[in-house]
Every structure is written in C-alpha cells, then in structure tokens.
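K.L.:
Take this structure, written in structure tokens, and hold onto it; I'll ask about it next.
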Amino acid sequence: MLQQLLKKLIKNSAGQTKFVMALIGLSVAVVLILSAVQLQSNYYELLNSKNNQDSIANFLVVNKALTDQNVGASSLSELQLADLKKQPFIESIGTLTASRYKASIQSNSELFPFYTDIAFESVPEEFIDVNTKEWYWDEHSNYLPIIVPNQFLDFYNFQYSFSQNLPQLTPQVVKMVSFKVTIQGTGQSISMNGRVVGFSNRISSMLVPQSFMNWANGKFVASSTNQQPSRVIIRTKDPGNPALSNYLKKEGLITDADKTRFSKYRQIVDFVVNISGITGLLMLSFALLIFSLFIQLTIASCKDEIALLILLGNAPKSLGKFLMKRFFTANIWIVLLGIVFISIAQYSLYSWLIDKQMMLSPFISIYTLAAAILLLLVIAWMNYSTIQKYIRLQQATK
Amino acid sequence: MKLVLDQLIPYSLKDKIGRSGSAIWNQTISFSQSKYVKVEAPSGTGKTTLTHLLYRVRSDYTGSIKYDQLDLKSSNDNELASLRQNHLSIVFQDLRLFPDLSARENIEVKRLLTPNFSSQDQIDEMAEAIGVSSILEQKIRFCSYGEQQRIAIIRALMQPFDWIILDEPFSHLDQKNIQHSVQLIDAACKKRNAGMIIMGLNKDDYFQYQKELVL
C-alpha cells in the first residue's frame, strides 16, 4: 500500500522514452558481452570436448624439417626432447620408434597375391586412436597386430585398385585378411602371421605394438645403430595455439600444416570475439552512464517528494530500496532476456553444426551464466550507489 | 522522553539573540514528557526556525538538542527515521502536504509507516470530528488552506509520539474548528501521555499549558 503511494509520488517524470532508450542500450550491450563469452567457450569446446576430440586436432606428429644441412642427421636429441617436454602447451609426448630392420609382407592367399617391403613404427599405446583388445603382442602370440593409416586404405581403394584392376576392400574385409610378415637383420630371419586390427587417422605409419618393436629392434639390429627417435608425437590441448606453431618454427620442427592451420582460425576467432567483447564493454559503460543519469534525473525531478517523505519519517535506505526495486527490476529482465536470446542462438548454432559433424553443447556455457551474474552485480552496484548518493544529496540540500 | 535544549543558537539569529533576551535561545532548558509548552513568538524571533531545529529539518546551529540520549545533530538516518516514526510528530506552518495526492492518501503516507498503530477507520472518525470528511478523496491542491491545515493535523495524529510540535496549527481555522481540533489533539496527547510544543504569535488558551515561554 505504501509502495503504491510511493509509486504515485516518484513518477518517471524523467520521461518514458529516455528510460526505454537506456534499456535498449543496456540490452544490446548485455547481448554483445554474453555472446562474446559464449563464442569463446564454444570455440574451446569445439577444440577440447570429448565428442570433438578430433584425433587430427589434438595429436601432432613432429619431426625436423629436412634441409640440405641436416640430411642424414634428422634425429631429435635428448636435449631437444627435454625442451619440448617443458613447453606449457604440450600435455604429453611420445616417441615414434622406427624399425631399424628389414621387413616385408606377403599374401598367404593365391587368390590375392601381393608382396611388398615395408617399414614399421611404434608409439606408446596412449597415443593410438584405435581401441582394440587385439593390440597386444608377446613372443608367444600367434600373429602380429598392425594398425594401418586410413589414408593407405583410401589410396588403395580409390587409386591403386582401379589402376591394377583389383577389387575394392572395406575395412572389415582388410581386417580379415591374414598375411605373412618377414623380418630380417643381423643374419637372421623370422616369419610370422600378421593382421590389420585397425585404421588410424592420427599417425600416418604402419604401427606395430611397442613390445614387438622393442623385441625386434633388439634382436635384428646391431646394438651400434643409432636408436634416437626422428619423430615424436605430441598431445596438446589446443593445436591452434599460436605459441605452439611459433615454437615449432623456431626449433626448425614441422608438423602437418593442416593441423597448425588452426592457429590462423584461432587468431581470427580471437579477433572477432575481442571486437564483440570490446564493443559490448564500451556499450555497457555508455548504457550504464545513461542509466545512472536517468536515475539521477528521476530522483532530481522528485526531490521535493523525496525530501518530504524523509521528513515524514521514511528512512532514506527504505526509499533507496523502493527505487532500487523500481530500476533494477527492469535490469534483471534485460539480463534474463539476454540469456534467453543467447540460449536460442546457441541452440540454433548447435542444430546447424550437428549436420556438419561438429558437436556443440545445445545449452549456454557456465561461463556465460557467470558473466550474466557478474553483469547483474555490476548493474546492481551502479544502481545502488547512484540511488544512495542522490537520495542523500536531496536530504543535504534541505 | 525528555527534551533538553542546551545553549541553542541558530546561525541565522546569532546577531539578533545577543541584543534581545530570550527564554529559549542560548538557554539551558529541559521539557519533561507530557507537558504542554506554549512558545509565544512575535514575528522574526525565529519561531519557524525553532520548529525546524526541533524536528531536524535543519541543523545549522550551535548548542545541542537532545531527546533523551539522542543528540539530534549527530543522529544518523535510521535514528532520525525511527524518531520521526515513533516519538516525534509535527504540524508544519507551511503544512507540507503532497499536492498531487488526495487528502486521504496524504494521511495514509504517514499512517502506513506505523500501520499497526492506527487504523483507516480512525482517519474517517477524525475527519468527521473536524469537518473534513467530505474532502478526503479530493486532491490536496484543490482544498482550501483551512482544510489542508486540518488534514495536516490528522496526519500528525496517525503515529505514536512522545512529543508533538505544532507551528501555528490553527491560523486558518474558525473558532468552532479550532475547538474541535484542540479536542482531537488533546485527546491524542493524553492517550499517548505525550507532550506538546505549540508555537504562536500571541498568548492563547487553547490548551492548559504547564509552561509558557517567550522566544
């Protein structure tokens, strides 16, 4: 009841239009800031979430750039490996062990004859993107499991098979084919059965289990041979991190250019996000200024009423609360509508990207919510301090 | 609630007070609760100034004004609000009503600060008693000064108080209305065991004063 009388006394005599303008300005600012936060978190999600753990994106195979100077000496030194390990953008590092012995594979079947010399590589299991129980080898195993790059199968199916008039093979069929693997070195030779157990997108080599590689490199290779790795695989949170590509460049290392191309995208995304964020912040400060001027104007135009209300025994604080409720309610609505707007935008983005095989959360991120709450706090503080200051001023002038 | 004035001198009257003697300015006086005090003040002696100082509309003075332990000058917002809600009531000479509210709303603004103390019915009863029930729903700006004066009186009686300050409250009322208003105020004071400080230009016998001072 008292509230109704106060409403009657403290009118928006400063003008409805100005109030609406201030609210619109504030809304645009809120939407810009929240969308900047949401874009940034979407970008990180695309890079880091489990669903998007694009094997290409997070694992990089790194080796020295071959030049005329280092031909034949392309292995990475202990020092270089240690330095690489220390970099903050690298989560873990695994060496790719190359086979130092001669190897060949040969078909077991008359129907489908083939023979080829081959070289293997091995890598710690945690870096392999094929999840299979068959990835195991010891000296008593019946066959040698092998992981083949997807590119090889594509090359065979879409180029080689046409030119040689051979049938195309599905991954399932390839996995069923057993073949003979022969290994030679230090005057010895051994043959065993081999089988493809999976296809990798991550590493473009014929992979064998580390245990097999250690065994074979020990048995068929003279101990004097250089066993330093030439290639390593690194795992990184963000292959688009410009610091990573700068480091590789500085150290004369290269990786798949396709992967570091992300760093360009990243810079562009950062740029767009920053522009949106800065514009939002600028608009926010102007909108807050307009809003606080509006509050001042409202209080100033009702100064007689406010002074008399205080004279009658209203505590300035409770009048402040009344005014706060009056102005801040609109602000809460603005932020809520901002959140709804961003949520709708996020959901549309999610539906749009899902067709493009990119998984994004259908909901806004926790950071966006936190930013919204922070914004509310900032606005509340601005409202509160303006109201208290100007109510006090009305009192002081009396 | 005891009211004590100690060496009170408003800045605006500093020069004047030195020349002419006063029973209040620059004196130490105390008023005990439930006493009726008449302050007789010829024009220009600072009658309204005193009213404003006692209600802390302004605080440009030296000396002190104390309601019990509460020093008016150093009181904070909340103490002041509580004093005005529960212990101190006033009828200003210039009435200070909200011109755009109706008479009833003007009274309600005050009553709703202490809503349990008096009821809406009491507004109607008092308005009936002093002849303003017909204008209760009218905007104050359309009421005559005499009607406004009576609304201001009713407003002052809506709250609990230990002291009521009246600054020429009957200046625009006829004898009959004065009499009714006096009865109303007297009853309200008696009911609350409250004291009264009434300012006037001349001697009068509206109430039975325990103290009569010349400003």
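The values are calculated or read from the model by the stated rules, or taken from the named source; none is laboratory data. These figures come from a predicted structure and were not determined experimentally. A quick note on method: Cβ atoms are made from the backbone with ideal geometry, for glycine too, and the neighbour counts reach across all protein chains shown. Surface areas here come from the heavy atoms of the whole protein model, side chains and all, with no ligands, DNA or RNA. Shrake-Rupley method; radii C 1.70, N 1.55, O 1.52, S 1.80 Å.
K.L.:
Look through the stretch A:195-223, keep the residues that are assigned to a loop (DSSP other than H, G, I, E, B) and among the β-branched types (V, I, T), and return whichever of them is surrounded by the most Cβ atoms within 10 Å (Cβ to Cβ). Lay out the reasoning, then the answer.
P.N.:
Within the stretch A:195-223, the subset assigned to a loop (DSSP other than H, G, I, E, B) is A:201-206, A:208-209, A:220-223.
Now restrict to residues that are among the β-branched types (V, I, T): A:203, A:208, A:221.
Values: A:I203: 23, A:V208: 25, A:V221: 15.
Result: A:V208.
K.L.:
Closer than 25 Å to A:K11 by Cα and either away from every other protein chain (no Cβ under 11 Å) or open to solvent by less than 50 Å² (accessible area, probe 1.4 Å) (or both): is that true of B:I90 in this structure? Before the answer, list the steps.
P.N.:
Working: closer than 25 Å to A:K11 by Cα: no; either away from every other protein chain (no Cβ under 11 Å) or open to solvent by less than 50 Å² (accessible area, probe 1.4 Å) (or both): yes.
For B:I90, the condition - closer than 25 Å to A:K11 by Cα and either away from every other protein chain (no Cβ under 11 Å) or open to solvent by less than 50 Å² (accessible area, probe 1.4 Å) (or both) - is not met.
K.L.:
Moving on to the next point. Select from the stretch A:283-304 the residues that are surrounded by fewer than 19 Cβ atoms within 10 Å (Cβ to Cβ), within 14 Å of chain B (Cβ to nearest Cβ) and in contact (Cβ under 8 Å) with a residue 12 or more places away in the chain and list them in ascending order. Even if it seems obvious, please write down each step before you answer.
P.N.:
Our first condition is that a residue be surrounded by fewer than 19 Cβ atoms within 10 Å (Cβ to Cβ); within the stretch A:283-304, this holds for A:285-286, A:289-290, A:293, A:296-297, A:300-301, A:303-304.
Within this subset, residues satisfying the condition of being within 14 Å of chain B (Cβ to nearest Cβ) are A:301, A:303-304.
Answer for the stretch A:283-304, where residues must be surrounded by fewer than 19 Cβ atoms within 10 Å (Cβ to Cβ), within 14 Å of chain B (Cβ to nearest Cβ) and in contact (Cβ under 8 Å) with a residue 12 or more places away in the chain: A:S301, A:K303.
K.L.:
Could you check, for the stretch B:145-160, whether at least one of its residues is open to solvent by 60 Å² or more (accessible area, probe 1.4 Å) and more than 11 Å from the chain's Cα centre (by Cα)? Break it down stepwise before answering.
P.N.:
We begin by selecting, within the stretch B:145-160, every residue open to solvent by 60 Å² or more (accessible area, probe 1.4 Å); these are B:145.
Imposing the further condition that a residue be more than 11 Å from the chain's Cα centre (by Cα) reduces the set to B:145.
Yes, because at least one residue in the stretch B:145-160 is open to solvent by 60 Å² or more (accessible area, probe 1.4 Å) and more than 11 Å from the chain's Cα centre (by Cα).
K.L.:
Can I ask one more? Give the residue that is farthest from the other protein chains (Cβ to nearest Cβ), with candidates limited to residues of the stretch B:96-125 that are open to solvent by 30 Å² or more (accessible area, probe 1.4 Å) and part of a helix (DSSP H, G or I).
P.N.:
Here the residue is B:E125.
K.L.:
Exactly one of (1) open to solvent by 10 Å² or more (accessible area, probe 1.4 Å); (2) in contact with a Gly (Cβ under 6 Å, 6 or more places away or on another chain); (3) at pLDDT 95 or above; (4) not polar (S, T, N, Q) is unmet by B:H172. Its number?
P.N.:
(3)
K.L.:
Related question: Does A:K356 satisfy the condition of being within 33 Å of the chain's Cα centre (by Cα), charged (D, E, K, R) and either over 30 Å from B:P160 (Cα atoms) or open to solvent by 40 Å² or more (accessible area, probe 1.4 Å) (or both)? Give the derivation first.
P.N.:
Numbers: within 33 Å of the chain's Cα centre (by Cα): yes; charged (D, E, K, R): yes; either over 30 Å from B:P160 (Cα atoms) or open to solvent by 40 Å² or more (accessible area, probe 1.4 Å) (or both): yes.
Here the answer is yes, as A:K356 does meet what is asked.
K.L.:
Then there's this: Would you please name the residue that is nearest to the chain's Cα centre (by Cα), looking only at residues in the stretch A:224-245 that are surrounded by 15 or more Cβ atoms within 10 Å (Cβ to Cβ) and of a type in the set (A, V, I, L, M, F, W, C)? Steps first, answer last, please.
P.N.:
Applying the first criterion (surrounded by 15 or more Cβ atoms within 10 Å (Cβ to Cβ)) to the stretch A:224-245 yields A:229-242, A:244-245.
Cutting the leftovers down to of a type in the set (A, V, I, L, M, F, W, C) gives us A:232-234, A:244.
Working: A:V232: 22, A:I233: 19, A:I234: 16, A:L244: 14 Å.
Among those that are surrounded by 15 or more Cβ atoms within 10 Å (Cβ to Cβ) and of a type in the set (A, V, I, L, M, F, W, C), it is A:L244.
K.L.:
Given the condition within 14 Å of chain A (Cβ to nearest Cβ), more than 17 Å from A:I310 (Cβ to Cβ) and open to solvent by 10 Å² or more (accessible area, probe 1.4 Å), answer yes or no: does some residue in the stretch B:52-65 qualify?
P.N.:
So far as the stretch B:52-65 goes, yes, one or more of its residues are within 14 Å of chain A (Cβ to nearest Cβ), more than 17 Å from A:I310 (Cβ to Cβ) and open to solvent by 10 Å² or more (accessible area, probe 1.4 Å).
K.L.:
Can you name the condition, by its number, that B:E137 falls short on among (1) outside any helix (DSSP H, G or I); (2) open to solvent by less than 30 Å² (accessible area, probe 1.4 Å); (3) not hydroxyl-bearing (S, T, Y)?
P.N.:
(2)
K.L.:
Further question: Among the helices (runs of 4 or more DSSP H) confined wholly to the stretch B:1-92, which include 1 or more residues that are farther than 30 Å from B:D205 by Cβ? If you could, list the steps in order and put the result at the bottom.
P.N.:
On the way: elements: B:14-19, B:47-54, B:77-86.
By residue number, B:14-19, B:77-86.
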